[in-house]
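Here the structure is laid out as structure tokens; the discussion comes afterwards.
The values are calculated or read from the model by the stated rules, or taken from the named source; none is laboratory data. On a predicted model such as this, the values are computed, not experimentally measured, just so you know. Every residue, glycine as well, gets a Cβ built from its backbone with ideal geometry; the counts of neighbours run over all protein chains shown.
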């Protein structure tokens with residue numbers, strides 16, 4: 001019986017990437033590319049990819065297993081994903097790491113924009129991925145006020 005419960009839990013993990021710009025809490029912002037997710041909105045067991053020119057706004061307290069801001073090893077080849085926070089007091093909690101920047105290239109940049117009181121909690125924060133030509137134009141913008 002324990003095996004069946006574990007198997008069902010493993011199927012609930014997903015890789016979710018941006019479908020369009022929008023709020024984190026809006027299913028229309030996301031598309032599930034592998035695995036399954038009941039509501040199509042990233043949660044604590046999902047790996048999240050913000051790619052292309054998508055801008056995702058963390059509008060409610062949110063969760064993910066990992067977050068990559070700015071492209072992956074795939075299409076589109078160019079683009080700069082953006083993760084931004086709607087207002088102070090919201091938290092994005094990531095069990096694993098957050099990577100800002102693309103995969104083995106210089107054109108998949110990433111940006112994280114903070115406002116006063118917003119929180120990003122993660123086990124690690126990496127700028128760019130190592131590779132033949134690692135990404136170098138990644139930013140974190142913190143605004144007080």
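Within the stretch 62-88, count every residue that is in a loop (DSSP other than H, G, I, E, B), at pLDDT below 95 and farther than 20 Å from residue 117 by Cα.
Here the count works out to 9.
Any chance the stretch 19-26 includes a residue that's out of contact with any helix residue (DSSP H, G or I) (no Cβ under 7 Å at 6 or more places or on another chain), modelled with pLDDT under 95 and not in a strand (DSSP E or B)? Scanning the stretch 19-26, I find no residue that is out of contact with any helix residue (DSSP H, G or I) (no Cβ under 7 Å at 6 or more places or on another chain), modelled with pLDDT under 95 and not in a strand (DSSP E or B), so the answer is no.
On the basis of being within 10 Å of the chain's Cα centre (by Cα) and at pLDDT 95 or above, does residue 59 make the cut? The answer is no for residue 59.
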